[in-house]
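Q: Handing you a structure now.
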C-alpha cells in the first residue's frame, strides 16, 4: 500500500539524513544514514519535496533552508 506524506512531514523526515560532506562547510542528504526499513519512506519524501519544487509550490532555496542545507 502506498501512502503520501504531507510536505511538512517529508521535510522533517529528510532533516534527519542531512550531514556534512567531505567538502568544508557543505551539507547534503545522505540516505545511507537511514535504516533499511526507513529507506523507502525517505526516498518517497525526496520525490515529494522535489515535485513541490517542480510545481512551484516551494522554491529550491526555501527547501534547502528548511532542511538546513543552505
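Q: Restricting attention to the stretch 14-62, report how many residues are assigned to a helix (DSSP H, G or I) and within 18 Å of residue 4 (Cα to Cα).
A: Number satisfying all stated conditions: 21.
Q: Something else now. Restricting attention to the stretch 5-36, report how many residues are surrounded by fewer than 15 Cβ atoms within 10 Å (Cβ to Cβ), over 17 Å from residue 65 (Cβ atoms) and in contact (Cβ under 8 Å) with a residue 40 or more places away in the chain.
A: Number of matching residues: 0.
Q: Next question. What is the residue count in the stretch 38-66 for residues that are touching a residue at least 24 places away in the same chain (Cβ under 8 Å) and farther than 14 Å from residue 13 by Cα?
A: So the count comes out to 3.
Q: Follow-up question, since we're still on this one. Could you please let me know if residue 69 is in contact with a strand residue (DSSP E or B) (Cβ under 8 Å, 6 or more places away or on another chain), free of Cβ contacts under 8 Å to residues at least 60 places away in the same chain and surrounded by 14 or more Cβ atoms within 10 Å (Cβ to Cβ)?
A: Yes; evaluated as a whole, the condition is true for this residue.
Quick note: the coordinates plus some simple rules give every number you see, no bench work behind them. If you're wondering where the values come from, they're calculated on a predicted model, not measured in any experiment. With ideal geometry, Cβ positions are generated from the backbone for all residues, glycine too; neighbour counts draw on all protein chains shown.
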